[in-house]
Amino acid sequence: MPNFPIEIIPFENQYAQDFYDLNAEWLRSYFYIEPYDEMVLSQPKKYILDSGGFIFLAKHQEEIVGVVSLINQKTYFELSKMAVKPNFRGQKLGEKLVLFCLEFGKKQGWKSITLYSNRKLIPAITLYHKIGFKEVELEKTANYKRADIKMIFEL
């Protein structure tokens, strides 16, 4: 885990810009911001929280250095919108966020957590496999054009 103090906190409106900025930076670095991304990132309360989802932030001292969400997709929860500030990458912060979400899901009594990703994100895919996510068939109606892999973690 990170060798610096990290506090994982629930979303508050004061952090909406951090949530947007961290995700937008990550998306622009590897892909582009799709219309679905823009919709969710610009109105996280409406599209994540109000529909029964959750957003968590990784805070180092007074700085938000990572974000992740669990989006209620009606029949499952999707681990999504995870991003880490560039100068904090490679320090296992993503792993800490994923493990926090899995533990949170267990406490909620969920059966599983699903995620969508892209195979070119080798470090992320490797992490998901290491943690215990299993690859399943990707439906053609996924919310993201960039998604070419779907994975599920049974809680």
Taking the chain as a Gaussian network, Cα atoms linked when under 10 Å apart, which of LYS111, LYS92, LYS140 shows the biggest mean-square fluctuation? LYS140
Quote the charge dipole size of the chain about the Cα centre in Debye, to the nearest 20; the model charges only the Cβ of Lys and Arg (+1) and of Asp and Glu (-1). 420 debye
Place a label point 7 angstrom from the Cα of GLU154 along the Cα-to-Cβ direction, then list the residues of region 93-114 whose backbone nitrogen is under 11 Å away. 112
Aspartates and glutamates near LYS111 by alpha-carbon distance under 15 Å, same-chain residues fewer than 8 away left out - which ones? GLU78, GLU103, GLU154
Any chance you could get the radius of gyration and Dmax over the Cα atoms of the chain, in Å? 14.4, 42
Lysine pairs with alpha-carbon atoms under 24 Å apart, region 23-104, spacing 8 or more or separate chains: 15
Show MET39, MET82, MET151 ordered by accessible area, largest first, where the area counts protein heavy atoms only and the probe is 1.4 Å. MET39, MET82, MET151
Ignoring ligands, DNA and RNA, what percent of the 1.4 Å accessible area of the chain is carbon and sulfur? 52 percent
Taking a crude spin-label model, label points 7 Å out from Cα along the C-beta direction, the PHE4 to LEU138 distance in nm is 3.3 nm
Stretch gain in nm, segment LYS92-MET39, where the contour uses 0.36 nm per residue and the Cα spacing is subtracted: 16.2 nm
Under unit Cβ charges (Lys, Arg +1; Asp, Glu -1), what dipole magnitude, rounded to 20 debye, does region 1-80 have relative to its Cα centre? 240 debye
Grab the DSSP H runs of the chain that are 4 residues or longer, score each as -39,500 (n - 2.57), total them, divide by all residues and round the 222 nm result to the nearest 500 deg cm²/dmol. -10000 deg cm²/dmol
Enter the accessible area per residue of region 28-155 (Å², integer; probe 1.4 Å; all protein chains in place). 52 Å²
Once label points are set 7 Å from the Cα along Cα→Cβ at both LYS46 and HIS129, what is their separation, rounded to one decimal in nm? 4.0 nm
Using the Karplus curve 6.51 cos²θ - 1.76 cosθ + 1.60 with θ = phi - 60°, work out ³J(HN,Hα) for each residue of region 63-71 in order, rounded to whole Hz, and write x for Gly and Pro. 9, 7, 10, x, 9, 7, 10, 10, 8
Taking the dipole of the chain about the Cα centre (Lys, Arg +1; Asp, Glu -1; charges at Cβ), the one of GLY66, TRP110, LEU97 that reaches farthest to the positive side is TRP110
Checking the a/c ratio against 1.5 first, then a/b against b/c, what shape does the Cα gyration tensor give for region 95-155? oblate
What does DSSP give for the chain in terms of the percent of beta bridges that are antiparallel, rounded to the nearest 5? 90 percent
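The values are calculated or read from the model by the stated rules, or taken from the named source; none is laboratory data. All values reported here derive from a predicted model rather than from experimental measurement. Quick reminder, even Gly has a Cβ in these numbers, built from the backbone with ideal geometry, and neighbours come from all protein chains shown. What goes into the accessible areas is simple: the full protein's heavy atoms, side chains included, and nothing from ligands, DNA or RNA. Shrake-Rupley method; radii C 1.70, N 1.55, O 1.52, S 1.80 Å.
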